[in-house]
Every structure is written in C-alpha cells, then in structure tokens.
Amino acid sequence: MDIVLLVLAMLVVGAFVGALAGVIWKGQRPLGAGGDYAIAIVVAVAVGLIDYFVIPAMGFSETIKWLGVALEPLVGALLALYLVRVARRRR
C-alpha cells in the first residue's frame, strides 16, 4: 500500500513541477506543456521509487528515507527540465 501512495504522491509532485516549469521559464517550453508534464512526472516517479528502495538499503533511517522521498523528486524533476531546455537551446 505504501508503494501505491508513493506513486500517487510522485504523480502529483510531477504535475506540480510541470506546471511550475512554465512559471519559472516563461515562454520556454521546447517540448510544449505536455512534454514538461511528461518529463516531470516520469522523473519524479523514478527518483521517488529509487529513493524509497535505495536509501534504506544503504542503512539510513526511515526519517532520512522519507526526507529524500519528499525532496529529491522535486529537485530531480526541475533539474531534468532545466537540462532539456539547455540541450534544446544548444541545437
């Protein structure tokens, strides 16, 4: 049940970051609004699941695990969207 809630939360985080990207980088949507949402959601879910399984395997506490699951998907999705913009600008 934790996994289902985690994935749902990461979907919400990804959608939030996709919307936030339009505010941060006004007028710069190289893949369109749908592309921003898709990239942000995929990255947020992937990073959230990786954190959920890898952090405890490394021996860190539950508190660190949930802190990582809460913050890293947000930062990872923003970083991925930034890298897409930089890569498209250099073409």
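The values are calculated or read from the model by the stated rules, or taken from the named source; none is laboratory data. Keep in mind it's a predicted model, so treat the numbers as computed, not measured. Backbone-built Cβ (ideal geometry, glycine too); neighbour counts: all protein chains shown.
Below is a table of values for the structure above.
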item: Residue within the stretch 67-83 that is in contact with a helix residue (DSSP H, G or I) (Cβ under 7 Å, 6 or more places away or on another chain), surrounded by 13 or more Cβ atoms within 10 Å (Cβ to Cβ), at pLDDT below 90 and among the acidic types (Asp, Glu) present; result: no
item: Tabulated pairs, the stretch 16-31, first under 14 Å from Pro73 (Cα atoms), second among the hydroxyl-bearing types (Ser, Thr, Tyr) and assigned to a helix (DSSP H, G or I), C-beta under 6 angstrom, 6+ apart or interchain; result: Gly18/Tyr37
